[in-house]
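Each remark here refers to the structure printed beneath this line.
The values are calculated or read from the model by the stated rules, or taken from the named source; none is laboratory data. Note that this is a predicted model, so its numbers are computed, not measured. With ideal geometry, Cβ positions are generated from the backbone for all residues, glycine too; neighbour counts draw on all protein chains shown.
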Amino acid sequence: AQKVTQAQTEISVVEKEDVTLDCVYETRDTTYYLFWYKQPPSGELVFLIRRNSFDEQNEISGRYSWNFQKSTSSFNFTITASQVVDSAVYFCALSEPSNTGKLIFGQGTTLQVKP
Amino acid sequence: GAGVSQSPSNKVTEKGKDVELRCDPISGHTALYWYRQSLGQGLEFLIYFQGNSAPDKSGLPSDRFSAERTGGSVSTLKIQRTQQEDSAVYLCASSSENTIYFGEGSWLTVV
C-alpha cells in the first residue's frame, strides 16, 4: 500500500537557522511522483515542487532545496536561512499515475520560525 | 480562471441540513479531485473526476456524500443530512501534467 510518513509533527527554529523536513514514502509502483506543499495560516495549499521517480537529481530553488534518495525512499526538504514567513504546515505527498494520480499525503510538519 | 476557485469559502449549517460546495477548476484541466481536511485527520482523498466521469469514488465516507461534474468543468460536492463530524475544510484540486493545484477550500461548520 502507498504511504507517506512525516515523522516530525512540529519543528521550531529561530530565524536564519537551516531546517530540514523529513519525508519517507512507500509504494510498489516504479513510476510515481513526489510533491511538497506549503499550507500557510490562510489555509491554501501551495504547490512547491514535483519530482518524478526517475529523476534523482537534487533541486534547489532559492532558499529551498530537496534531496530525493530512492535507496532510502526519502524526499527531504531543506529551508536555508529560514524566515518568519516560512512558518506553515508542510505536506509531503505521493501520487501514482497508474492509480488516478490522486495524492497520498503525509500528516504534515508544522514549522514555526521565531524572530 | 487563473486558479482553482471554490465557493462558498465559509459555510455554517445546522445538523441535518444539506449543503453544496462548488469547485471551478483551472481552465483546461480535465482531472479534478476533492479532498477533506479535518482537524487532527490530515488530508484525505474523497473523489476523482476525469472529464465528467468519476472512476474513483473510494474516499467518499458515506452515501450522504455525492459529487458530480458537468461540462468537464465545474464540480459540485453535495453532503446530505449533515452531521457534526462533517465539519472540515473541503479542498478541490485540478491537475495538469501530473501536477495538482488546490483551491483555497470551503470551510464547513456543522452546528
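Could you grab me the full set of residues in region A:1-19 that are in contact with a Phe, Trp or Tyr (Cβ under 8 Å, 6 or more places away or on another chain), at pLDDT 95 or above and buried (at least 16 other Cβ atoms within 10 Å of the Cβ)?
Once the filter is applied, which keeps residues that are in contact with a Phe, Trp or Tyr (Cβ under 8 Å, 6 or more places away or on another chain), at pLDDT 95 or above and buried (at least 16 other Cβ atoms within 10 Å of the Cβ), region A:1-19 yields A:VAL4, A:GLN6.
For region A:19-94, give me every one of the strands (runs of 3 or more DSSP E) that falls completely inside it and has 2 or more residues that are within 14 Å of chain B (Cβ to nearest Cβ). Write out each step before concluding.
Details: elements: A:19-21, A:24-26, A:33-39, A:46-52, A:59-61, A:64-69, A:74-79.
Of the strands (runs of 3 or more DSSP E) lying wholly inside region A:19-94, those with at least 2 residues that are within 14 Å of chain B (Cβ to nearest Cβ) span A:33-39, A:46-52.
So A:GLN57 passes all but one of these: (1) out of contact with any Lys or Arg (no Cβ under 7 Å at 6 or more places or on another chain); (2) closer than 19 Å to A:GLN6 by Cβ. Which condition number does it fail?
Single failed check for A:GLN57: (2).
Being without any contact (Cβ under 8 Å) to a residue 12 or more places away in the chain and either under 11 Å from the mean Cα position of the chain (by Cα) or outside any strand (DSSP E or B) (or both) is the filter here, so list the residues in region B:86-111 that pass it.
Step one: list which residues in region B:86-111 are without any contact (Cβ under 8 Å) to a residue 12 or more places away in the chain, which gives B:97-99.
Once the filter is applied, which keeps residues that are without any contact (Cβ under 8 Å) to a residue 12 or more places away in the chain and either under 11 Å from the mean Cα position of the chain (by Cα) or outside any strand (DSSP E or B) (or both), region B:86-111 yields B:GLU97, B:ASN98.
Just wondering, is there one or more residues in region B:29-39 that are more than 10 Å from every other protein chain (Cβ to nearest Cβ), more than 10 Å from the chain's Cα centre (by Cα) and more than 27 Å from A:TYR90 (Cβ to Cβ)?
yes
(1) free of Cβ contacts under 8 Å to residues at least 12 places away in the same chain; (2) farther than 27 Å from B:SER38 by Cβ; (3) among the polar types (S, T, N, Q): which one isn't true of A:THR78, the others all being true?
With respect to (1) free of Cβ contacts under 8 Å to residues at least 12 places away in the same chain; (2) farther than 27 Å from B:SER38 by Cβ; (3) among the polar types (S, T, N, Q), A:THR78 is out only on (1).
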